[in-house]
Amino acid sequence: MMRDTARGCKVYIEIPVLLLSFAVMFENTISTHLVLYKTCYVTLGFNATDCAMLGTGHESNETALLETMVQPYAAILLMGQSFIHAFIQPVFCFFLSSWSDKYGRKPILLSSFIGYIGSYMVMIVISAIPESSPWLILLSLIPICFTGGFPLVITTSVSYITDITEEKDRGLRLGSWEAAFTIGILLGNSCSSFALRAFGYLGIYVICIGCSILALFYIMFLLDESVVNVETEDKFKIFKLSLVKKTMNNTFDGRNVHDKLMIVSVMALMLLYTVARFSDHGILFLYLRQSFGWSLQRFTLFASFKSTVAVVGSIIGAFLLNKVLRVKETVVLIIAFLTTTCYYTLLGLATANWQIYMSGCFKCLVGAINPMARLLLSKLIERKDIGKVLGLIVALESIIGHIGNSLFTYLYNLTLSTYPQTFCFVTAGIYLFEVILTIAILYMQNRHRRRGYVSMESEESTREES
């Protein structure tokens, strides 16, 4: 039975996830603009009016020259931000998500949103002081890192859904989580440039802190704790290296070769998907601008189109295929990987704008990949250990995603003058390999009946009724 209820009304963890994903994407591009502006005005000492023209689309020869002078300095700061997000934040994410398995999901969710509130407060101060150094922006990452950041919100909220749902309903809830996440990204990306013109940098961060506070109050007053029998002993011992060993032991000990192989295969599937998903971040716009002459506005519209298709796809995959038609999650994954392979293949072959939009339609089921993969993993791992395992996977995804994107950027630069769409076909090859890997998982499912942690229904005695 669902336990996410308050005063007789159903309460959804998806709502704070939507609010936070909106806030993060709402300020993401704007923060990059702020770094460029402050590097230009404060660090290099150029005229404030000229610096404000950077990235506005009102290009002139002077602005273009100024940007070439500013970008190398700003890139160093942005690289530092990327390093923190890629390698420091995941460490906190893993240990804190493991902590939540024993001591509760709600404290972790609350601390994560408090971290974002603290970060946006720092950004409000920085944006309010025109002469403040752009390097002070790194201070805003401290509260986020110490509380795990968005990777921890992903891990804890997915673990929360696993705690409160039956196996038969879990795919639908994970699909609604993915839809909420994608809608937040879509709205944040679409509104940010207009909001910047209307409210300025200060207004952007005030809106973000408002979203974070609203989500914090929602969790604090409406969301019930999902972990049964919350422990209190050694509650403040968070960073224990023994957790790493315990996670691996709990994941693999006591299982036969078949079950171990299934778990490793699903984890490999999720990590490879991360590499493929981040392959064109930052590259696709460069490719479309260089090969098709696209403007930033046109690319933003295309990105919004793809996000809308992904929202629809997560609903179709999780609800229609998995919930209504009872299609196995592995079969949904095979269809999703195949269609996404078609998207990248057609994108690489495209010679006209309409063909690019047509290829985007083949991304219709990409939004179902994460929900179905997490559903498959939740059937293999005991509920009491799901936070540890998901924390480990999300931490690895964060690191691998940044490494993969760097490799694809190198590939794009290497082939730019000869065949710039090479990255499309390499990504299509990864998705095709994912099809083969998922078929192997489906074969193992059909050949062997799982033993051990087979039925989540058998854990009814461990559940707490609302």
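A few comments on the model shown:
- In the chain the longest region clear of GluC sites (Glu not before Pro) that are loop-assigned by DSSP and have at most 14 other C-beta atoms within 10 Å covers 234-463.
- Its residues counted as N, the range 243-452 yields a C-alpha radius of gyration over 2.2 N^0.38 Å of 1.10.
- For the range 62-188, the Kirkwood hydrodynamic radius comes to 16.9 Å, computed from all pairs of different C-alpha atoms.
- Value of relative contact order over the range 243-452, rounded to a whole percent, pairs C-alpha under 8 Å and six or more apart: 37 percent
- Computed from label points 7 Å out along Cα-Cβ, the spacing between VAL331 and CYS191 is 4.0 nm.
- Across the protein chains, with a 1.4 Å probe defining accessible surface, the residues TRP177, TRP135 rank TRP135, TRP177 from largest area downward.
- Taking the three principal axes of the alpha carbon atoms in the chain, the coordinate ranges are 69, 50, 41 Å, sorted in descending order.
- Of LYS323/LYS384; LYS260/LYS328; LYS235/LYS328; LYS363/LYS384; LYS323/LYS363, pairs whose Cα-Cα distance is over 31 Å: LYS235/LYS328; LYS363/LYS384
- Taking only the Cα atoms of the range 11-225, the ratio Rg/Rh comes out at 1.02, with Rh defined as the Kirkwood radius.
- For the pair LEU320 and ILE84 in one chain, pulling the backbone fully straight at 0.36 nm per residue adds 81.0 nm over the alpha carbon distance.
- Distance between the pseudo-spin-label points of PHE239 and THR68 (7 Å out from Cα toward the beta carbon): 4.5 nm.
- Dipole of the range 143-191 [Lys/Arg +1, Asp/Glu -1 at C-beta], most positive-end residue of ILE154, SER190, SER176: SER190
- Compared with the rule-of-thumb size 2.2 N^0.38 Å for a compact globular protein, the range 116-240 has a Cα radius of gyration ratio of 1.30.
The values are calculated or read from the model by the stated rules, or taken from the named source; none is laboratory data. The structure presented is a predicted model; accordingly, all values stated were derived computationally and were not measured. Here the Cβ is made from the backbone with ideal geometry for all residues, glycine too, and neighbour counts use every protein chain on show. Surface accessibility is based on the protein's heavy atoms, side chains included, excluding ligands, DNA and RNA. Shrake-Rupley method; radii C 1.70, N 1.55, O 1.52, S 1.80 Å.
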